[in-house]
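Enquirer: Below is one structure. I have some questions about it.
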Amino acid sequence: MAVFNRGNKAEIWEPTALANGPFKGLQGGAVAGLLVGEIEGLALEKDWGHAVSASTWFLRPVPSRLLKTNVEIIHQSNRISVVDNSLRTEDDDTLCAITRVTLNKPRAIDVPGFQTDIVAEIDPRQYPLHARPAPHGGAWFMDAMELRLGGSIFWFRLNTDVIENAGSLARILGPADWAHGLSRQVQNAVADPNPNLNVHLFRSPRGEWIGVEPQTHWQPEIGGGMGGGYLHDCVGVVGRVSMSVVLTPFPNAAAKS
C-alpha cells in the first residue's frame, strides 16, 4: 500500500488517510509527489533521464476522493525533456493542481581542476525523534514518515511510498513541502499555506534520508511571505526548495488544540 493507490484505470488515484493535510484537503507535498512520481515512472519507460526540478501549483484544496491525472509532454530532446501533469477530481472534473517537471539525461563532463567535496556521512538515527501530530487529531501525511531533528536540519525518512515505486524527486517533495512550517516565526496565530512548491536538484539523493534546512520570511502587513531552504542527503546538499506563503487567520478549532 502507498499514500495514493491506483484505481480501476491507470490515470485514476485513490488517496488514503496518509495523504491528509493539517486542515482541509490533502497535503501539498503528497499531491506534488503523486504528480511527479507518475512522470518519473514514465521517464523510466521513455528514457527521459532524471527529474531535476519540479514546480507545482496548488489551485484549491484537494479533496480526499477519487482523483485523475493527465500527463502532457511539453518538450522532448536528446538531453532535456519538460513534462506537465495535472490533477482533477474524478467525479466533477475540477482542476486542483498542476506540476511541470524538467528531466535531464546525465552526461559526464571533464572539468580540469574540479574536485568533488568529500563529506563525512551522517546517520540521522543518532538524533531524537520529533513527533508532529495533526491539528485535527487524525492520520495525515506526516505519519507516512519518520522525523528527527539534528541541529538546524530536520531529517525525514518515508516509511510509506507516495505512490508505488516512487522516484527520487517524488520522495523529496514530501519533506520539502514542510520547509515553511518547520521554521514558523510564530505559533498558533496564523496558518501559512503555500500555493506553490518548487524544488531543484543538482544530484539524486543517496539513501533513504532527506534533510531539510529551512528558512522562512513573513511580511504580515501584506499577508504573505516565503519559505525554503537547502535539501540534504546523508553526505551533503542535493538541492533547494522554495515556496510562496499566504498568511490567513488561524482556524479556531486548531488554535484551541
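The values are calculated or read from the model by the stated rules, or taken from the named source; none is laboratory data. Note that the coordinates shown come from a computational prediction; the quantities given were computed from them, not determined experimentally. Cβ sites come from the backbone with ideal geometry, for glycine too, and all protein chains shown count toward neighbours. Surface accessibility is based on the protein's heavy atoms, side chains included, excluding ligands, DNA and RNA. Shrake-Rupley method; radii C 1.70, N 1.55, O 1.52, S 1.80 Å.
Enquirer: Considering Val245, Val199, Val237, Val241, which residue is within 18 Å of Gly150 (Cα to Cα), part of a strand (DSSP E or B), at pLDDT 90 or above and among the hydrophobic types (A, V, I, L, M, F, W, C)?
Expert: Val237
Enquirer: Then there is this: Among what's in the stretch 143-188 and is without any contact (Cβ under 8 Å) to a residue 40 or more places away in the chain and assigned to a loop (DSSP other than H, G, I, E, B), pick the residue that is least open to solvent (accessible area, probe 1.4 Å).
Expert: The selected residue is Arg184.
Enquirer: Among the listed residues Ala97, Ala43, Ala30, which satisfies the condition of being in a strand (DSSP E or B), open to solvent by less than 50 Å² (accessible area, probe 1.4 Å) and under 20 Å from Gly174 (Cβ atoms)?
Expert: Only one candidate qualifies: Ala97.
Enquirer: Taking the stretch 189-223 on its own, how many of its residues are within 24 Å of Cys234 (Cβ to Cβ) and touching a residue at least 40 places away in the same chain (Cβ under 8 Å)?
Expert: Summing the residues that are within 24 Å of Cys234 (Cβ to Cβ) and touching a residue at least 40 places away in the same chain (Cβ under 8 Å) in the stretch 189-223 gives 14.
Enquirer: Sticking with this structure for a sec: In the stretch 56-83, what residues are in a strand (DSSP E or B) and open to solvent by 30 Å² or more (accessible area, probe 1.4 Å)?
Expert: Of everything in the stretch 56-83, those that are in a strand (DSSP E or B) and open to solvent by 30 Å² or more (accessible area, probe 1.4 Å) turn out to be Trp57, Phe58, Lys68, Asn70, Val71, Glu72, Ile73, Ile74, His75, Gln76, Ile80.
Enquirer: Among what's in the stretch 6-20 and is touching a helix residue (DSSP H, G or I) at 6+ places or on another chain (Cβ under 7 Å) and assigned to a strand (DSSP E or B), pick the residue that is farthest from Ile163 (Cα to Cα).
Expert: Filtering first and then ranking leaves Asn20.
Enquirer: Select from the stretch 119-142 the residues that are part of a loop (DSSP other than H, G, I, E, B) and either closer than 15 Å to Val212 by Cα or of a type in the set (S, T, N, Q) (or both) and list them in ascending order.
Expert: Just the residues of the stretch 119-142 that are part of a loop (DSSP other than H, G, I, E, B), to begin with: 119-123, 127-128, 130-140.
Across the stretch 119-142, the qualifying residues are Ile122, Asp123, Tyr127, His130.
Enquirer: Still on this model: I'd like the full set of residues that are more than 15 Å from Gln185 (Cβ to Cβ) and either surrounded by fewer than 21 Cβ atoms within 10 Å (Cβ to Cβ) or not hydrophobic (A, V, I, L, M, F, W, C) (or both), limited to the stretch 210-237.
Expert: Gly211, Glu213, Tyr230, His232, Asp233, Cys234, Val235, Gly236, Val237, listed by residue number.
Enquirer: Continuing with the same structure: Within the bounds of the stretch 114-124, is there any residue that is open to solvent by less than 70 Å² (accessible area, probe 1.4 Å), at pLDDT 95 or above and farther than 19 Å from Val36 by Cα?
Expert: If we filter the stretch 114-124 for residues that are open to solvent by less than 70 Å² (accessible area, probe 1.4 Å), which is where we start, we get 122-124.
Subset that is at pLDDT 95 or above: 123-124.
After this cut, where a residue has to be farther than 19 Å from Val36 by Cα as well, the list is 123-124.
Checked the stretch 114-124: at least one residue is open to solvent by less than 70 Å² (accessible area, probe 1.4 Å), at pLDDT 95 or above and farther than 19 Å from Val36 by Cα.
Enquirer: If you check every pair at least six apart or on different chains, which have Cβ atoms under 8 Å apart with a residue in the stretch 84-101 that is within 16 Å of Gly29 (Cα to Cα) first and a residue that is open to solvent by 70 Å² or more (accessible area, probe 1.4 Å) and among the hydrophobic types (A, V, I, L, M, F, W, C) second?
Expert: From the stretch 84-101, the pairs are Cys96/Leu59; Ala97/Trp57; Ala97/Leu59; Ile98/Trp57; Ile98/Leu59; Thr99/Trp57; Arg100/Ile74.
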